[in-house]
Amino acid sequence: MSEMPLFDRLQSQGHDDDERVFRVSEVNRAVRHTLEDHWGKVLIEGELSDVRRAKGHVYFTLNDEEDPAQLRGVMFQSDVRRSKAPLENGARIRFRGTLSLYTARGQFQLIARSAQLAGEGDLAAQFRRLREKLEAEGLLDQERKRPLPALPRRVGVVTSRTGAALRDIIRVASERCPVQILVADCRVQGEDAPASIVAALELIQRVDDLDLVIVSRGGGSAEDLWAFNDEGVARAIAACRVPVVSGVGHEVDITIADLVADLRAATPSNAAEIAVPEREALQRDLRSWERRLQQALDNRVGGLRLRLERQLRPLYGARRVIAPVRRELRDLQAQLQQTQRSKQRARRERLAELRQQLMRMDPRSVLRRDQRELAAITAKLRDAGRLPVRHRRDRLQTLEFRLKGRGRPMVQEARASYAELCAQLDALSPLRVLERGYAIALDESTGRAVRSRSEVKQGDRLRVRVSDGEFGARVESHD
C-alpha cells in the first residue's frame with residue numbers, strides 16, 4: 001500500500017533546515033489512516049476486562065493470555081445488537097474488526113464489528129464431524145425422510161413449557177386449524193438438555209393416535225442451541241415413530257436436529273405453520289375435490305344415460321302395441337276411481353246421519369235438554385208462587401201494623417197493673433216484716449216455719465232468719 005502524504009512530508013522535511021511543526025490532531029489523523037489502511041480487517045482473540053456499557057455501546061479491554069499486552073476496544077450499538085457472544089469480564093472472545101486511533105485522546109483501539117466465543121471454532125469442528133458421521137450412516141438422506149400428514153389431529157411438541165417457542169406454536173396452530181397439542185416438557189439449554197430432550201421424545205411417542213412431533217426452542221447463541229447438536233438427540237429424532245418437524249432458533253441457525261428431522265422449519269412459528277394446515281386452504285381443496293367429484297359423477301351419469309338409451313332403442317317399437325293397452329288401463333283406472341269416490345261419498349253421508357242420530361241419543365245431550373226443561377219449569381213455578389206469597393206478606397204486614405196499634409195500650413195497662421200488684425206483694429212480704437224487727441224460726445231438719453211452741457221441744461235445732469241473714473239456735477227450755 002502507498003504511504004500517507006503526511007508521512008512522506010515528514011520524511012522529506014527531515015533534511016531541511018526549517019522543519020515544519022505539526023499539530024497533534026494532524027499526527028493522530030495520519031496514524032489513524034495508516035492503521036485503518038493497513039489493518040482494515042483483523043481477527044483478534046483475547047480475554048475481556050474492564051467491560052462497561054454506555055448508550056448501547058460496549059467499551060472493553062482485550063488482554064493477551066500469554067504475554068502482558070492489552071488492547072482497548074469498542075463495539076457500537078448496532079453491532080452489539082447483532083452479536084450473540086456474551087461481552088462480559090473474563091470471557092474469551094474472538095473479534096473481527098478494524099484497528100484505529102481515537103484522535104481525541106491519541107488512544108490506539110480496536111473497533112469491533114462482530115464477536116463470537118473463542119471456543120466456537122471447536123464447536124464448529126464437532127458439528128462438522130457429527131454431521132459427516134450421521135451422513136455416512138444415511139440418517140440425513142432425503143429418501144429416509146417421511147412426508148407429513150395432510151390433516152393431523154394430535155401434534156406433540158417437545159420443548160420447554162415456559163419458553164416463548166411454545167406460546168408461538170400454540171398461537172399459530174390455533175389461528176390455522178383446530179388441532180390437539182400435547183406438550184412434553186424438557187430442558188432446551190445446558191448440560192442436562194440432551195438427555196431431557198431424548199426422554200421427552202420417548203414420552204410423547206406413548207400417546208395413541210399421535211400424528212407428528214415438533215422439536216423446538218427459541219433463538220440463542222451457538223452454546224444455547226448446542227443441545228440440538230447432540231448425537232443422542234439426533235438418533236432419537238431419527239428413531240421417532242412419527243414424522244418430526246424441527247424448529248430450532250432462527251432462520252440462520254442450523255442444527256443437527258434440523259438435518260435429521262423429516263422437515264426443517266426456520267422458526268418455531270414456521271414449524272407450526274408447516275405442521276398444521278390452514279383452514280382456508282383445506283376448504284379450498286375440499287371445494288376443488290367437490291367440483292372434480294361432481295364433474296366425474298356427471299360424466300359417469302352421462303355415459304350411463306347414453307348406454308341406457310342404446311339398450312332401450314329396440315323397445316321403442318313396442319310402444320305402438322303397448323299404447324292401446326295403456327289407454328284401456330287408464331280408462332279402467334278412472335272408472336275405478338269414480339266408483340271409489342261414489343262409495344266414499346255415500347259412506348260419508350251415512351256416517352254423518354249416524355253421527356246425528358248418535359248425538360240425539362247421547363246421554364249428555366239428553367241430560368242437557370232435560371236440564372233446560374227443568375230450568376224453564378223452575379222459572380214458571382217461581383213466577384207462579386211469587387204472587388200469593390206477596391199477597392200474604394202484605395196481609396201479614398197489615399195485621400202486624402194493626403196489632404202494634406192495639407197492643408200498645410194493653411201492654412201499658414198490664415204494666416201498670418203489674419206494678420200495683422208488685423207493690424201490694426211487697427207490702428205483704430215477710431221480708432218487710434223482718435225489716436221491722438221481727439224474726440222467723442225455721443226447723444232445721446224440715447226447713448218449715450215454727451208457728452206454735454208445740455211444734456218444738458227442748459234441744460231442737462233451729463234456724464233463725466232475720467232481715468239481713470240467718471243464724472243457728474237451739475231450744476234450751478220449753479215452759
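The values are calculated or read from the model by the stated rules, or taken from the named source; none is laboratory data. As the structure is a prediction and not an experimental result, all values here were calculated from the model. No Cβ is skipped: glycine too gets one built from the backbone with ideal geometry, and neighbour counts run over all protein chains shown.
Here are the numbers for the structure shown:
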| read-out | value |
| --- | --- |
| Test: residue in the range 192-200 that is over 22 Å from His250 (Cβ atoms), touching a Gly at 6+ places or on another chain (Cβ under 7 Å) and modelled with pLDDT of 90 or more | yes |
| Matching residues in the range 87-110 - criterion: being under 18 Å from Ala54 (Cα atoms) and surrounded by 14 or more Cβ atoms within 10 Å (Cβ to Cβ) | Leu87, Tyr102, Gln109, Leu110 |
| Filter result (modelled with pLDDT of 85 or more, in a helix (DSSP H, G or I) and of a type in the set (D, E, K, R)) within the range 5-31 | Glu26, Arg29 |
| Options Asp67, Asp50, Asp79, Asp37; residue that is free of Cβ contacts under 8 Å to residues at least 40 places away in the same chain, touching a strand residue (DSSP E or B) at 6+ places or on another chain (Cβ under 6 Å) and over 20 Å from Ser114 (Cβ atoms) | Asp50 |
| Index of the failed condition, Gly232 passing every other in (1) buried (at least 19 other Cβ atoms within 10 Å of the Cβ); (2) touching a helix residue (DSSP H, G or I) at 6+ places or on another chain (Cβ under 7 Å); (3) part of a helix (DSSP H, G or I) | (1) |
| Residues within the range 238-254 that are touching a residue at least 40 places away in the same chain (Cβ under 8 Å), over 14 Å from Glu202 (Cα atoms) and in a loop (DSSP other than H, G, I, E, B), tallied | 0 |
| Qualifying residue in the range 239-252 (condition: in contact with a strand residue (DSSP E or B) (Cβ under 6 Å, 6 or more places away or on another chain), surrounded by fewer than 21 Cβ atoms within 10 Å (Cβ to Cβ), modelled with pLDDT of 90 or more and in the same structural domain as Gly190 (by TED's automatic domain parsing)) | yes |
| Helices (runs of 4 or more DSSP H) completely within the range 109-226 that count 3 or more residues being more than 44 Å from the chain's Cα centre (by Cα) and within 16 Å of Ala238 (Cβ to Cβ) | 120-136 |
| Among residues of the range 448-474, those that are closer than 26 Å to Arg432 by Cα and assigned to a loop (DSSP other than H, G, I, E, B), counted | 7 |
| Sole exception among (1) surrounded by 10 or more Cβ atoms within 10 Å (Cβ to Cβ); (2) within 30 Å of Asp468 (Cα to Cα); (3) of a type outside the set (Val, Ile, Thr) for Arg436, by number | (1) |
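Conditions tested, residue by residue: (1) farther than 29 Å from Arg81 by Cβ; (2) modelled with pLDDT under 95; (3) in contact with a strand residue (DSSP E or B) (Cβ under 9 Å, 6 or more places away or on another chain).
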site: Ile169; (1), (2), (3): no, yes, yes
site: Val172; (1), (2), (3): no, yes, no
site: Pro178; (1), (2), (3): yes, yes, no
site: Leu182; (1), (2), (3): yes, yes, yes
site: Val188; (1), (2), (3): no, yes, yes
site: Gly218; (1), (2), (3): no, yes, yes
site: Glu223; (1), (2), (3): no, yes, yes
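Table: residues versus (1) of a type in the set (Phe, Trp, Tyr); (2) closer than 24 Å to Ala136 by Cβ; (3) free of Cβ contacts under 8 Å to residues at least 60 places away in the same chain; (4) in contact with a Pro (Cβ under 8 Å, 6 or more places away or on another chain).
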{"position": "Leu203", "(1), (2), (3), (4)": "no, no, yes, no"}
{"position": "Val215", "(1), (2), (3), (4)": "no, yes, yes, no"}
{"position": "Gly218", "(1), (2), (3), (4)": "no, no, yes, yes"}
{"position": "Ser221", "(1), (2), (3), (4)": "no, no, no, yes"}
{"position": "Gly232", "(1), (2), (3), (4)": "no, yes, yes, yes"}
